[in-house]
Amino acid sequence: MIELSHIHRNFQVGDQTVHALDDVTLTIKSGDYVSIMGPSGSGKSTLLNLLGLLDQPSSGIYRLNGKDVTALSDIEQARVRNREIGFVFQMFHLVPRLSAAENVELPLILAGLPPEQRRPRVAEALEELHLTDRSHHKPDQLSGGQRQRVAIARATVTRPNVLLADEPTGNLDHTSGQDVVRILEDLNQRGLTLIMVTHDPEMGSRARRQLHMLDGRLDAELAGQAPDTPRHDTP
Amino acid sequence: MIPHSPDVARFSWGALRGYPARTLLMLTAMAIGVAAVVVLTSLGEGARRYVTGEFASLGTNLVIVLPGRSETAGLNPTTLMGETPRDLTLDDALALTRSYNVRRIAPINVGSADVSWQSRSRESVILGASHELLDIRHWKIAQGRFLPNTDLDRATPVAVIGSTIRNELFGAKPALGEWIRIGDRRFRVIGIMGSEGRSIGVDVQETVIIPVAAAQQLFNTTSLFRILVEARSRDAIQPVKRFVIQTLQERHQGIKDVTVVTQDAVLATFDRILGALTYAVGGIAAISLAVAGILIMNVMLVAVSQRTAEIGLLKALGASPRQIIVLILAEALLLSLLGALLGLLLGEAGSLVIRHAFPVLPAQAPIWAIVTALLVAIITGLLFSLLPARRAAQLDPVLALSRR
Ligand SMILES: Nc1ncnc2c1ncn2[C@@H]1O[C@H](COP(=O)(O)OP(=O)(O)OP(=O)(O)O)[C@@H](O)[C@H]1O
Ligand SMILES: [Mg+2]
């Protein structure tokens, strides 16, 4: 359960204040599928970063599962990011010198998990994304779609509740983009809260909730036609 | 929540291998710093040991008497009256035996003359000495025996020759018992020096030793080059020195015209000077380590900005600022450790080369220098990485991730 109330995020550029988020109030239920659309510079990424605790609001309250997370210390925020939130980026952001498996392993290392507990979970995450035979490949030996699948495996290996994706298909061709979205939707089917920023109206319209942003404000919301009926029974 | 140390080590190792040019640069800087400390201190230590060894080979508890005052500072009666200093004589030497504190003495005369046997001839250093010299100098006889134990004024025509002289004059033929000619006199070879005999200024292998009285006749002089006086113990050195000065002053009409050198004073001075020298060069080399530390700081700063995206990603994946600091410091620690070990190897190889090139110089870095070099390397490596590590920990993840 994500609750934002009266969130503002201002940037000071010279003597000018940019209102990247302007009084955003929003509630997202667990297991929901939300797409965020809007013109460039409307504050989509800022909102997503805030939801992922990568950024702090200038004012307003952010509750995650009932807990005010903006009041947490650095270390506690890092812990929440590690345990409860997964990120998928437009640029993939894989560590180039690490293999696919090692990239997926990273969040588990940061969680302080011992190697014998990490290995099966990494293998499982790769298996789920059909990457088992690519696990020893370096990112530059993988296609864009495969890279994004590695990134998704990395985002989900800690079994988070929320998956934040900022234009996950932005650097992919149409087919691999479709693949990636299907994978994300599949994860959502299994209970993961999916929040995805996209420029593609066709993709955005697949979400159950479609948020539109303009100049840092939530402009309009549409209820999607929800291609599949989501199951809520699996946690 | 600190990750397991093997994981940290593996991650840092991967990061180092991921940027080989940077890693090599820093390793080299560190290694050169450490190697410089090791080599320079080993040179200093080698020089100190060389000098100490040379003094030890001169003999122990020695008081050396030289004619004339070498500390010519200021006025003294001899210079005032325009006299040349009085010579040291054999009687002076004999007078010095009359103290309980004196164990033995050896008057010495030095000159050079042609030495020949049959048709072969060469010029050689001739050392006039006495029976006692062998023990005072801790020399060894290889063949035959040393000068006989007779009165100092007996000019017995016998000679003990160095092995080089022996080889040059006799080749493979036996030398013992042969008569050789020194200047215009004939001497019988009674002994050949062992190879140990080496001391400052004298190579015994190139020397012919004859009784001091014979040398005085040969060079037509009554004076001595110096008198070696061996004190009974270390504590007796100062009493012997006073005794020598007093005795010779009385014998020379109250004029202090000799110089008395105690070897342990000279040795202590050399030891101090060379010890200080070792510290000094060690310190200078340590500065190069500090320079290496600054280089590490700069390169780590570059590394952090090079890897901004990676650090931002680690934060997004849930790395706390402390974890980031640990990762960066682990990298620096690994680098310093590897660099220091590499430097140690380089430095030890360097001193090995020096030992081979100059066998007389026992170049060996002292333990304190090695330990200090390693510690300084690791501490500078860590210290100078604190700033880059903190900078990395404070990176704004959003900006870090959005940068290309
Ligand atoms: N660090 C920053 N400093 C100053 N201004 C910023 C900063 N980050 C974002 N902004 C501004 O905030 C506004 C919203 O930016 P944001 O990145 O959220 O837009 P976006 O909707 O994601 O755009 P796009 O679709 O191009 O990715 C923009 O006007 C941007 O210039
Ligand atoms: Mg954006």
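Condition test on B:G33, is it at pLDDT 85 or above and either within 17 Å of B:A349 (Cα to Cα) or of a type in the set (G, A, S) (or both)? It is true that B:G33 is at pLDDT 85 or above and either within 17 Å of B:A349 (Cα to Cα) or of a type in the set (G, A, S) (or both). Among the residues of the stretch A:19-31, the ones that are of a type in the set (D, E, K, R) and within 13 Å of ligand 1 (Cβ to nearest atom) come to 1 in all.
Residues considered: A:I195, A:I183. Of these, the only one that is within 16 Å of ligand 2 (Cβ to nearest atom) and either free of Cβ contacts under 8 Å to residues at least 60 places away in the same chain or away from every other protein chain (no Cβ under 14 Å) (or both) is A:I195.
Does B:G381 satisfy the condition of being in contact with a Leu (Cβ under 7 Å, 6 or more places away or on another chain), of a type in the set (G, A, S) and within 16 Å of ligand 2 (Cβ to nearest atom)? Spelling it out, it is not the case that B:G381 is in contact with a Leu (Cβ under 7 Å, 6 or more places away or on another chain), of a type in the set (G, A, S) and within 16 Å of ligand 2 (Cβ to nearest atom). Of all residues in the stretch A:46-69, those that are of a type in the set (D, E, K, R) have Cβ atoms under 9 Å from Cβ atoms of residues that are more than 16 Å from ligand 2 (Cβ to nearest atom) and in a strand (DSSP E or B), 6 or more apart or on another chain, in A:R63/A:I2; A:R63/A:E3; A:R63/A:L4; A:R63/A:S5; A:D68/A:I61; A:D68/A:Y62. Contact map, the stretch A:5-17: first residue in contact (Cβ under 8 Å) with a residue 12 or more places away in the chain, second residue charged (D, E, K, R) and within 16 Å of ligand 2 (Cβ to nearest atom), Cβ cut-off under 9 Å, separation 6 or more or different chains; pairs are A:R9/A:D55.
Take B:R166 and tell me if it is in a strand (DSSP E or B) and either modelled with pLDDT of 90 or more or not hydrophobic (A, V, I, L, M, F, W, C) (or both). Steps first, please.
On the way: in a strand (DSSP E or B): no; either modelled with pLDDT of 90 or more or not hydrophobic (A, V, I, L, M, F, W, C) (or both): yes.
When the stated conditions are applied, B:R166 does not pass them.
Please pick out the residue among A:Q56, A:Q16 that is within 15 Å of ligand 1 (Cβ to nearest atom), modelled with pLDDT under 95, out of contact with any Pro (no Cβ under 7 Å at 6 or more places or on another chain) and within 19 Å of A:V162 (Cβ to Cβ). Going through A:Q56, A:Q16 in turn, just one is within 15 Å of ligand 1 (Cβ to nearest atom), modelled with pLDDT under 95, out of contact with any Pro (no Cβ under 7 Å at 6 or more places or on another chain) and within 19 Å of A:V162 (Cβ to Cβ): A:Q56. For the stretch A:66-77, which residues satisfy the criterion of being within 13 Å of chain B (Cβ to nearest Cβ) and over 13 Å from A:L51 (Cα atoms)? Passing the criteria: A:L72, A:S73, A:D74, A:I75, A:E76.
Just to check your reading of the model, which residue among A:R121, A:R63, A:R154, A:R81 is away from ligand 1 (no atom under 16 Å from the Cβ), more than 21 Å from B:A393 (Cα to Cα), crowded, with 21+ Cβ neighbours inside 10 Å and among the charged types (D, E, K, R)? So that I can check it myself, show each step before the final result.
Working: A:R121 fails: crowded, with 21+ Cβ neighbours inside 10 Å; A:R63 fails: crowded, with 21+ Cβ neighbours inside 10 Å; A:R81 fails: more than 21 Å from B:A393 (Cα to Cα).
Of the residues listed, the single one that is away from ligand 1 (no atom under 16 Å from the Cβ), more than 21 Å from B:A393 (Cα to Cα), crowded, with 21+ Cβ neighbours inside 10 Å and among the charged types (D, E, K, R) is A:R154.
Considering the stretch B:201-242, and only residues there that are farther than 16 Å from B:L133 by Cβ and among the acidic types (D, E), the residue that is surrounded by the most Cβ atoms within 10 Å (Cβ to Cβ) turns out to be B:E206.
Residue count for the stretch B:317-373 satisfying the condition of being in contact with a Pro (Cβ under 7 Å, 6 or more places away or on another chain) and within 14 Å of another protein chain (Cβ to nearest Cβ): 3. When the stretch A:1-18 is filtered for residues that are part of a strand (DSSP E or B), in contact with a strand residue (DSSP E or B) (Cβ under 9 Å, 6 or more places away or on another chain) and more than 16 Å from ligand 2 (Cβ to nearest atom), the ones remaining, listed by number, are A:I2, A:E3, A:L4, A:S5, A:H6, A:I7, A:H8, A:N10, A:Q12, A:T17. Any chance you could count how many residues in the stretch B:127-163 are assigned to a strand (DSSP E or B), modelled with pLDDT under 90 and over 30 Å from the mean Cα position of the chain (by Cα)? Here the count works out to 1. Of all residues in the stretch A:94-112, those being of a type outside the set (V, I, T), at the interface with chain B (Cβ under 7 Å from one of its Cβ atoms) and crowded, with 21+ Cβ neighbours inside 10 Å number 3. Select, from B:A9, B:A31, B:A47, the only residue that is of a type in the set (A, V, I, L, M) and within 14 Å of chain A (Cβ to nearest Cβ). It is B:A9.
Screening A:S35 with (1) among the hydroxyl-bearing types (S, T, Y); (2) within 16 Å of ligand 2 (Cβ to nearest atom); (3) at pLDDT below 95 gives one miss only, at (3).
Please determine, by comparing only the residues of the stretch B:100-120 that are at pLDDT 90 or above and of a type in the set (S, T, Y), which one is nearest to the chain's Cα centre (by Cα). Only one residue fits best here, namely B:S112.
Across the stretch A:154-181, what is the total count of residues that are in a loop (DSSP other than H, G, I, E, B) and under 21 Å from A:S40 (Cα atoms)? Before you say what the answer is, go through the steps one by one.
Of the residues in the stretch A:154-181, the ones in a loop (DSSP other than H, G, I, E, B) are A:157-161, A:167-173.
Restricting the remaining residues to those that are under 21 Å from A:S40 (Cα atoms) gives A:167-173.
Within the stretch A:154-181, residues that are in a loop (DSSP other than H, G, I, E, B) and under 21 Å from A:S40 (Cα atoms) number 7.
In the stretch A:142-175, which residues are within 14 Å of chain B (Cβ to nearest Cβ) and hydrophobic (A, V, I, L, M, F, W, C)? A:V150, A:A151, A:I152, A:A153, A:A155, A:V157, A:V162, A:L163, A:L164, A:A165 - these are the residues of the stretch A:142-175 that are within 14 Å of chain B (Cβ to nearest Cβ) and hydrophobic (A, V, I, L, M, F, W, C). Can A:K29 be described as buried (at least 18 other Cβ atoms within 10 Å of the Cβ), among the basic types (K, R) and more than 8 Å from chain B (Cβ to nearest Cβ)? It is false that A:K29 is buried (at least 18 other Cβ atoms within 10 Å of the Cβ), among the basic types (K, R) and more than 8 Å from chain B (Cβ to nearest Cβ).
Please work out which residue is nearest to ligand 1 (Cβ to nearest atom), limiting yourself to the stretch A:32-53 and to residues that are away from every other protein chain (no Cβ under 14 Å) and within 23 Å of A:V80 (Cα to Cα).
We begin by selecting, within the stretch A:32-53, every residue away from every other protein chain (no Cβ under 14 Å); these are A:32-39, A:42.
The next check asks that each one be within 23 Å of A:V80 (Cα to Cα); those that pass are A:32-36.
Values: A:D32: 20, A:Y33: 19, A:V34: 15, A:S35: 13, A:I36: 8 Å.
Within the stretch A:32-53, the match that is nearest to ligand 1 (Cβ to nearest atom) is A:I36.
Across the stretch B:75-99, the number of residues qualifying as at pLDDT below 75 and assigned to a helix (DSSP H, G or I) comes to 4. A:N82 fulfils the conditions (1) closer than 30 Å to B:G18 by Cα; (2) within 16 Å of ligand 2 (Cβ to nearest atom) except for a single criterion, (2).
The values are calculated or read from the model by the stated rules, or taken from the named source; none is laboratory data. Computed from a predicted model, the values in this text were never measured in an experiment. A quick note on method: Cβ atoms are made from the backbone with ideal geometry, for glycine too, and the neighbour counts reach across all protein chains shown.
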